[in-house]
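A.B. asks: Before I ask anything, let me first share the structure, which is written out below as structure tokens.
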Amino acid sequence: MSILEEREHSRSPLIAAAELAAHPDLPVPLAHTEAELAALIGLLSLPKARIETVVIGHSRDSASRSSAAAFAAAWTARGGTVIATVHWPETAASWLRAANRLTAEPPHAWVMAAAPLGFAQLARRLRHSTAWDPARTYAFGSLADSRLPALAGPGVLDGLRGASADGATWDVRRGWVTSYAPVNSAPRSNG
């Protein structure tokens, strides 16, 4: 590893204060809907997915805690296993503790219920310091914000997917959030 590569690798992945200030209006998570929970379970239950074990991560706000608990109950009721549930604050020194707990025992998938800003910070730490894979990560609609991929950084969230309050699904590819209607409709871009 060259000196430049080593310096880049050791640099903190925290989002710069100027970037944070540019996004003062990111939404707070709302209570999940039954359609959103059903669509999320549906994504994890696709035949080719073969997902049995999950690690659940959530912000500490009440809507995210409630969504995480509802998902855990629904997932275990259908025979799935929750390896761990990890929460994190909206502001932290590095998010390393939460990142390490989320990846301590690799699941088939991660499920996130979170506020966009804290999750962007956590996702950067996950990509920088662990073997976390956004393509194996599923989320509630609070993370379907089109500003989230830019805030997290290039490639950090590519592959992340989730469900929205109306039962629609969405994914992140090449920095764009694309939504898909609950019924056979064409995709629509949010970015």
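The values are calculated or read from the model by the stated rules, or taken from the named source; none is laboratory data. These numbers were taken from a predicted model, which means no experiment stands behind them. Because the Cβ atoms are built from the backbone with ideal geometry, glycine has one as well, and the counts that use them run over all protein chains shown. Each accessible area value is taken on the protein alone, full model and side chains, heavy atoms only, with ligands, DNA and RNA left out. Shrake-Rupley method; radii C 1.70, N 1.55, O 1.52, S 1.80 Å.
A.B. asks: From the list 62, 94, 2, 12, pick out the single residue that is more than 17 Å from residue 138 (Cα to Cα) and at pLDDT 95 or above.
C.D. replies: Working: 94 fails: at pLDDT 95 or above; 2 fails: at pLDDT 95 or above; 12 fails: at pLDDT 95 or above.
Of 62, 94, 2, 12, the one residue that is more than 17 Å from residue 138 (Cα to Cα) and at pLDDT 95 or above is 62.
A.B. asks: Strands (runs of 3 or more DSSP E) wholly in region 38-136 with at least 3 residues that are open to solvent by less than 10 Å² (accessible area, probe 1.4 Å) - which ones?
C.D. replies: On the way: elements: 53-59, 81-88, 109-113.
Hits in region 38-136: 53-59, 109-113.
A.B. asks: When region 36-61 is examined, which residues are found to be under 12 Å from residue 87 (Cβ atoms) and either in contact with a Lys or Arg (Cβ under 7 Å, 6 or more places away or on another chain) or free of Cβ contacts under 8 Å to residues at least 40 places away in the same chain (or both)?
C.D. replies: Correct list: 58, 60.
A.B. asks: Hey, another quick one. Which of (1) open to solvent by less than 30 Å² (accessible area, probe 1.4 Å); (2) under 11 Å from the mean Cα position of the chain (by Cα); (3) at pLDDT 95 or above does residue 177 not meet, given it meets every other one?
C.D. replies: Condition not satisfied by residue 177: (2).
A.B. asks: Here are the criteria: (1) farther than 18 Å from residue 44 by Cβ; (2) polar (S, T, N, Q); (3) open to solvent by 30 Å² or more (accessible area, probe 1.4 Å). Tell me which single one residue 169 does not satisfy.
C.D. replies: Condition (1) is where residue 169 drops out.
A.B. asks: Hey, another quick one. From the list 101, 50, 124, 78, which one is more than 14 Å from the chain's Cα centre (by Cα), modelled with pLDDT of 90 or more, of a type in the set (D, E, K, R) and under 27 Å from residue 153 (Cα atoms)?
C.D. replies: Going through 101, 50, 124, 78 in turn, just one is more than 14 Å from the chain's Cα centre (by Cα), modelled with pLDDT of 90 or more, of a type in the set (D, E, K, R) and under 27 Å from residue 153 (Cα atoms): 101.
A.B. asks: Mind counting the residues in region 137-148 that are within 16 Å of residue 121 (Cα to Cα), open to solvent by 10 Å² or more (accessible area, probe 1.4 Å) and part of a helix (DSSP H, G or I)?
C.D. replies: 1
A.B. asks: Restrict the check to region 75-86 and report whether at least one residue is aliphatic (A, V, I, L, M), under 21 Å from residue 28 (Cα atoms) and in contact (Cβ under 8 Å) with a residue 12 or more places away in the chain.
C.D. replies: Initially, region 75-86 is screened for residues aliphatic (A, V, I, L, M), giving 77, 82-84, 86.
Next cut, under 21 Å from residue 28 (Cα atoms) only: 86.
Then keep just the ones that are in contact (Cβ under 8 Å) with a residue 12 or more places away in the chain; that gives 86.
Checked region 75-86: at least one residue is aliphatic (A, V, I, L, M), under 21 Å from residue 28 (Cα atoms) and in contact (Cβ under 8 Å) with a residue 12 or more places away in the chain.
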